[in-house]
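J.: Before anything else, here's the structure in question.
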Amino acid sequence: MLTKTLANGVKMPMLGLGTFLVGEGPEAYDTVLQALKDGYRHIDTAQMYFNEESVGRAIKDSGIPREEIFVTTKLNARKLGYQEAIDELNVSLKKLGLDYVDLYIIHWPSPSFELNQATWKGMEVCYQNKKARAIGVSNFKIHHLDSILKTAKIYPMVNQVEMHPGLNQTSLQKYMAKYDIQMISYGPFMKGEVFNPDGPYFEGLKQVADKHHITVAQAVIAWGLARGVFMIPKSVTPKRIIENLHAQDVELTKEDVEAINLLNRGRRVYTDPDNNSFVKQA
Ligand SMILES: NC(=O)c1ccc[n+]([C@@H]2O[C@H](COP(=O)([O-])OP(=O)(O)OC[C@H]3O[C@@H](n4cnc5c(N)ncnc54)[C@H](OP(=O)(O)O)[C@@H]3O)[C@@H](O)[C@H]2O)c1
């Protein structure tokens, strides 16, 4: 399993399984158990996915030693705040049936920089208490990062953001590199847009895929990995779960990476973090 070391020395598998919209109950349980059997060692969940209990049961029933699996969860965007960050991790740990998570992330920033700074202090406590081996943020743009870096004692180790061929986030990645903050991509397949033969991404991706005898999905994942970005594609389809995992065996050339970088159109398929009404506002 390809891994990368975070700023605090923790090793994190570069490819994981996303679980957004994977239903609590048999769907999440079976999918996570299957993925672990197939070789995944990194599972990405969140309080707002409402599937932590099934994810946790699958991890336990897999029989794989806890320390071999990297588990991420995220603080509910409606529950930002210093004490909330601390209390909510305990709620997640109980649901997951775990003593600690490997990564705990603020799911979305508030428009209030003060609230983000206070929440981050709570995240630092979770890290210091060893209930999270690493801490980070998600959906933070440069101005959100700048504001928490001003008061942070510990810098975020990751930022999970929408990143795919339509929104390659190379400038944000460069900015984050200055602070040793790693990028995790979400939504790599653009809600299916990368597979649309009439869309602006398919042809370029197919050329790279054909050259390496791989699928378009694998080309997207391999492209992210080659750029040093953590990739967490979601699938509940057994064949695709394996297909996605094998993308880590693909080595793209610099030219392939650049060709996919050039498909960028600044296109978001998820909510803009500056325009998000479902987060706690202040
Ligand atoms: N931090 C955040 O705010 C945030 C936001 C969104 C997502 N995320 C995380 O990122 C993960 C990934 O993002 P995502 O779930 O939005 O979408 P995604 O991984 O880009 O795409 C998932 C979709 O692609 C399909 N798919 C998966 N593998 C495929 C393959 N090899 N060939 C063709 N189709 C394939 C899946 O179908 P089937 O499942 O039917 O196979 C599903 O419809 C999430 O699950 C979640 O963990 C985080």
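The values are calculated or read from the model by the stated rules, or taken from the named source; none is laboratory data. Worth saying up front: this structure is predicted, and the values here are computed from it rather than measured. When we count neighbours, we look across all protein chains shown, and the Cβ atoms used for this are built from the backbone with ideal geometry, even at glycine. Remember, those area values only see protein heavy atoms, side chains included, never the ligands or the DNA or RNA. Shrake-Rupley method; radii C 1.70, N 1.55, O 1.52, S 1.80 Å.
J.: With the structure loaded, tell me whether P65 is open to solvent by 10 Å² or more (accessible area, probe 1.4 Å), within 16 Å of the ligand (Cβ to nearest atom), at pLDDT 95 or above and more than 24 Å from P156 (Cβ to Cβ) or whether it fails that test.
T.: Numbers: open to solvent by 10 Å² or more (accessible area, probe 1.4 Å): yes; within 16 Å of the ligand (Cβ to nearest atom): no; at pLDDT 95 or above: yes; more than 24 Å from P156 (Cβ to Cβ): yes.
Against the criterion (open to solvent by 10 Å² or more (accessible area, probe 1.4 Å), within 16 Å of the ligand (Cβ to nearest atom), at pLDDT 95 or above and more than 24 Å from P156 (Cβ to Cβ)), P65 does not qualify.
J.: May I pose another question? Any idea which residue in segment 68-88 is most open to solvent (accessible area, probe 1.4 Å), counting only those that are touching a residue at least 60 places away in the same chain (Cβ under 8 Å) and of a type in the set (D, E, K, R)?
T.: Out of the qualifying residues, it is R78.
Rundown of residues vs (1) open to solvent by less than 10 Å² (accessible area, probe 1.4 Å); (2) without any contact (Cβ under 8 Å) to a residue 12 or more places away in the chain; (3) among the aliphatic types (A, V, I, L, M), yes/no style:
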residue	(1), (2), (3)
I154	no, no, yes
V161	yes, no, yes
G166	yes, no, no
Q173	no, no, no
K191	no, no, no
H213	no, yes, no
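J.: With the condition being out of contact with any Leu (no Cβ under 8 Å at 6 or more places or on another chain) and at pLDDT 95 or above, I'd like the strands (runs of 3 or more DSSP E) fully within segment 1-44 carrying at least 1 qualifying residues.
T.: 3-5, 11-13
J.: When segment 179-235 is examined, which residues are found to be more than 11 Å from the ligand (Cβ to nearest atom) and among the aromatic types (F, W, Y)?
T.: Y179, Y201, F202, W223
J.: So K239 fits all but one of (1) crowded, with 20+ Cβ neighbours inside 10 Å; (2) within 16 Å of the ligand (Cβ to nearest atom); (3) of a type outside the set (S, T, Y); what number is the exception?
T.: If we test K239 against (1) crowded, with 20+ Cβ neighbours inside 10 Å; (2) within 16 Å of the ligand (Cβ to nearest atom); (3) of a type outside the set (S, T, Y), just (1) comes out false.
J.: Does segment 226-233 contain any residue that is in a loop (DSSP other than H, G, I, E, B), more than 24 Å from D180 (Cα to Cα), within 19 Å of the chain's Cα centre (by Cα) and basic (K, R)?
T.: The answer is no; no qualifying residue exists.
J.: Can I ask one more? Pairs, please: C-beta under 8 Å, at least 6 apart or cross-chain, first residue acidic (D, E) and in segment 255-282, second assigned to a loop (DSSP other than H, G, I, E, B) and open to solvent by 70 Å² or more (accessible area, probe 1.4 Å)?
T.: Here the result reads D274/P111, each pair linking segment 255-282 to a residue that is assigned to a loop (DSSP other than H, G, I, E, B) and open to solvent by 70 Å² or more (accessible area, probe 1.4 Å).
J.: I'd like the full set of residues that are part of a helix (DSSP H, G or I), under 29 Å from Q207 (Cβ atoms) and of a type in the set (A, V, I, L, M, F, W, C), limited to segment 117-175.
T.: The answer is L172, and nothing else.
J.: Keeping to segment 194-211, report how many residues are in a helix (DSSP H, G or I) and open to solvent by less than 50 Å² (accessible area, probe 1.4 Å).
T.: 6
J.: Would a scan of segment 129-141 turn up a residue that is open to solvent by 30 Å² or more (accessible area, probe 1.4 Å), among the aromatic types (F, W, Y) and either within 16 Å of the ligand (Cβ to nearest atom) or within 20 Å of V101 (Cα to Cα) (or both)?
T.: no
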